[in-house]
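The values are calculated or read from the model by the stated rules, or taken from the named source; none is laboratory data. Small disclaimer: the values here were computed from a predicted structure and weren't measured. In this analysis, Cβ positions are derived from the backbone assuming ideal geometry, glycine residues included, and neighbour counts consider all displayed protein chains. Ligands, DNA and RNA are stripped out before the accessible areas are found, and what is left, the full protein with its side chains, is counted by its heavy atoms. Shrake-Rupley method; radii C 1.70, N 1.55, O 1.52, S 1.80 Å.
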Amino acid sequence: MQVSVEAPNKLERRITVTVPAITLEEAYDKRIATLAKTVKANGYRPGKIPLEYIKKRYSDSARQEALSEVIQASLYAAINQEKLNPAGVPMVEPKNILPGQPLEFVATFEVLPTVDSVNFELHALEKQIAMITDADVENALNRLRQQHTVWQKVDRAAQDKDQVVIDFRGSIDGKVFAGGEAHDYPIIIGSKSMIPGFEEGLIGLNAGAEKVLQVTFPENYHSTDFAGKAAEFAVTVHKVSEPKFAEIDEAFVRKLGVKSGKLDDLNSEIRKNLERELDRIVKAKLKSQVFDKLLEQNPVEIPKALIEREGKRIHDELHPHHAGKDHGHSAAEMAAFNEPAKRNVSLGLLVAHLIKQHNIIVNKERVDAYISHLSSVYENPAEVVAWYAKNKRAMSEIEMQVLEEQIVEKLLENVQLTDKMLSYNELITGQST
């Protein structure tokens, strides 16, 4: 077998493989011999069919199967011989497949990128922090009240914050579109769960009212089939209800899992949860700042196959009901995941290099503490800890989180950190008040 490799660019490889004619003929003869033992034919006992009969009837399919087998085996051998690491499935193009002549084919693919060194230069960095205040606890309590809202039917026109139960039917250019129709659909006016103009168009309508809403899908709408297009929604209102927030009494406090029924104990639990979330966000933002700088200083060229694979993983994670299924998503829709996918893959390569470069080993005590911290919010923490111990995939994800924290600490060893105090709301929203 003869092998030659071309490198049109940094990642692409074009490998030409020439296989002796006898190799293909041997594979063909072996396939014919196998068929002779397994196929059935009238007038012949099993295994006693003449080879000439088998060749006459199955020659084309046997030769095609032999060709596929030889190409696959010789390509695998050539890739190993040349020490190449394909990032995706090679595209194979046969060049010469004439009987009695050497088989020649060309395979094109991208290889996994290699990281030879990682640079990180940073003198100072602002670390965003916050403190949980009584106002933050009160806001969280009010959100809990809203989550336990009871809707009371009213006999008046709909207004902001009301819940309206409607039927709607959407159309574009006079044609009803898929997914644009629903019945007895509850909408809270002001929730921004619908496209701009839809909820606002319901204000002033009473039960029994009908109206055609004129709206336009946003330019950045997730489906490119609708983005930027004008649409009409024929709406029928069935019911208008106003919110009645839960009263903060002993029954409400007990309903939220605080056995004492005391408001002070509930506020204490809320503060603990906010502080736990605050700690997570502070660490995540710091890690993001460090990794942004790491990517900026160490650009990595990523194969398209890896970007597409990671993009699909992100998509399936966001839309679990689509995972593993072909829903005909357009290239434009999937392209929206290219940048986060490229970031993830690049970081994975850089982090792997840093782990090796600094001989970083995951700290088992920190992993245990991380799991203990996660499980503390559950009613039976011991069951959660046991679940992680048995679930290898979940445990590996936790170990990677801890490893990344260790890497961030390593990169920040010589960096001057300055705390930047924000409000809790500013920290979680990224917006200054």
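Listing for the model above:
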{"quantity": "Residue count for the stretch 110-128, restricted to those that are touching a strand residue (DSSP E or B) at 6+ places or on another chain (Cβ under 7 Å) and either modelled with pLDDT under 95 or open to solvent by 40 Å² or more (accessible area, probe 1.4 Å) (or both)", "calculated": "7"}
{"quantity": "Residue in the stretch 99-106 that is modelled with pLDDT of 90 or more, surrounded by 11 or more Cβ atoms within 10 Å (Cβ to Cβ) and under 33 Å from the mean Cα position of the chain (by Cα) present", "calculated": "no"}
{"quantity": "Conditions (1) open to solvent by 50 Å² or more (accessible area, probe 1.4 Å); (2) under 22 Å from residue 5 (Cβ atoms); (3) in contact (Cβ under 8 Å) with a residue 12 or more places away in the chain; (4) not acidic (Asp, Glu): number failed by residue 80", "calculated": "(3)"}
{"quantity": "Selection count where residues are under 27 Å from the mean Cα position of the chain (by Cα) and over 15 Å from residue 396 (Cβ atoms), scope the stretch 341-359", "calculated": "12"}
{"quantity": "Residue selected from the stretch 143-164 under the condition polar (S, T, N, Q) and assigned to a loop (DSSP other than H, G, I, E, B), by the criterion least open to solvent (accessible area, probe 1.4 Å)", "calculated": "149"}
{"quantity": "Matching residues, the stretch 165-209, being over 14 Å from residue 241 (Cβ atoms), at pLDDT 95 or above, open to solvent by 60 Å² or more (accessible area, probe 1.4 Å) and assigned to a strand (DSSP E or B)", "calculated": "169, 183"}
{"quantity": "Top-ranked residue of the stretch 284-343 - restricted to ones that are assigned to a loop (DSSP other than H, G, I, E, B), open to solvent by less than 80 Å² (accessible area, probe 1.4 Å) and under 28 Å from residue 114 (Cβ atoms), ranked as modelled with the lowest pLDDT", "calculated": "337"}
{"quantity": "Exclusive hit being over 19 Å from residue 99 (Cβ atoms) and more than 46 Å from the chain's Cα centre (by Cα), set 79, 15, 49", "calculated": "49"}
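Results for (1) hydrophobic (A, V, I, L, M, F, W, C); (2) open to solvent by 60 Å² or more (accessible area, probe 1.4 Å); (3) under 18 Å from residue 98 (Cβ atoms), shown as yes or no for each residue.
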residue	(1), (2), (3)
23	no, no, yes
26	no, yes, yes
40	no, yes, no
53	no, yes, no
57	no, yes, no
62	yes, no, yes
